[in-house]
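These notes concern the structure reproduced below.
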Amino acid sequence: MRRFVVIGHRATTSPDFSLDDLAGSTGRLDILLRCINSAFFLSHSLREDVEMHLILQGPPNPPKTIRMVGSELKYLNPDERSTGALIRTALSAKANGETKASPGIYVSSRSYSDVISILAKQSDIYYLKEDGHDIRRLPSFEEDVTFVLGDDRDLTEEEESVLAKYEPMKVSLGIKSLHADHCIIIVHNELDRRSSQV
């Protein structure tokens, strides 16, 4: 399983947002929507071996975690507007523990530290960071892997210290800073190429 954790540092936790202004009125939820598309879409199908955790930390009721499971997803389309509608539905759900909002989409009030604690028991953790080890020079990856990254902002010192408890490997995708959704595509490409050589 490939897992991605993306922190939306100011992404709205309210379902009361306009689908016509995803970049302006949602705390940059649009960045997370593009990450969803990059994580799951192939040319004519969805990746079933992917799980995504979006940690929404914006007002009015943070945190909210949206967990998406590729093998269960339905109704996901490649345009940001319809994906935004799915997230809005999830944020409208009453979250007692983790609640299923629609096929393959779950919502909870889990914090970033909660999510990392759970995932560290399931897989190796990698932190996507420009000053990390070059992903192309790493000898191998386990089948169960989790990659952690920020939205358009780096992880805060506090978020990095939470992550550091689990001794993640820092991994770099190149010498330039990239958009979060592009990072996900590059990770997929690298792991796809490796799996095809087995």
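Measuring against 24 Å, Cα to Cα, the residue pairs Lys94/Lys129; Lys100/Lys170; Lys64/Lys176; Lys100/Lys121; Lys94/Lys170 contain Lys94/Lys129; Lys100/Lys170; Lys64/Lys176; Lys94/Lys170 as the ones spanning a longer distance.
Each residue of segment 96-198 gets 133 Å³ once the volume of the Cα convex hull is shared out per residue. Compactness check for segment 49-159: Cα Rg over 2.2 N^0.38 Å is 1.15. The angle between the Cα long axis of helix 80-92 and the main principal axis of the chain comes to about 70°, on a 0 to 90 degree scale.
Restricting the GluC sites (Glu not before Pro) of segment 1-95 to loop positions (DSSP other than H, G, I, E, B) with no more than 10 neighbouring Cβ atoms within 10 Å leaves nothing.
As a calculated quantity, the FRET efficiency between Asp16 and Glu72 at R0 = 25 Å, using C-beta atoms, amounts to about 0.40. Computed from point charges on the beta carbon alone (+1 for Lys and Arg, -1 for Asp and Glu), the dipole magnitude for segment 92-198 about its Cα centre is near 280 Debye. Taking every DSSP helix (H) stretch of at least 4 residues in the chain, weighting each as -39,500 (n - 2.57) and dividing the sum by the residue count yields a mean residue ellipticity at 222 nm of -9000 deg cm²/dmol. Axis angle, to the nearest 10 degrees, between helix 180-196 and the longest C-alpha principal axis of the chain: 50 degrees. Annotation note: GluC sites (Glu not before Pro) in segment 90-198 located in DSSP loop regions with a Cβ neighbour count of at most 11 within 10 Å are Glu142, Glu143.
Distance between the modelled labels on Lys170 and Ser111, one decimal in nanometres: 2.5 nm (7 Å Cα→Cβ projection). If the Kirkwood radius is taken over C-alpha pairs of the chain, then at 37 °C and 0.692 mPa s the Stokes-Einstein diffusion coefficient equals 195 µm²/s.
Exactly which chymotrypsin sites (Phe, Trp or Tyr not before Pro) in segment 1-102 are in a DSSP loop and have at most 14 other Cβ atoms within 10 Å? Answer by residue number: Tyr75. Charge dipole (Cα centre; +1 on Lys/Arg Cβ, -1 on Asp/Glu Cβ; no other charges) of the chain amounts to roughly 300 debye.
A short reminder: the numbers here are calculations on the coordinates, not readings from a lab. Because the structure is predicted, anything quoted here is derived from the model rather than measured. Cβ: placed from backbone, ideal geometry, glycine included. Neighbour counts: every protein chain shown.
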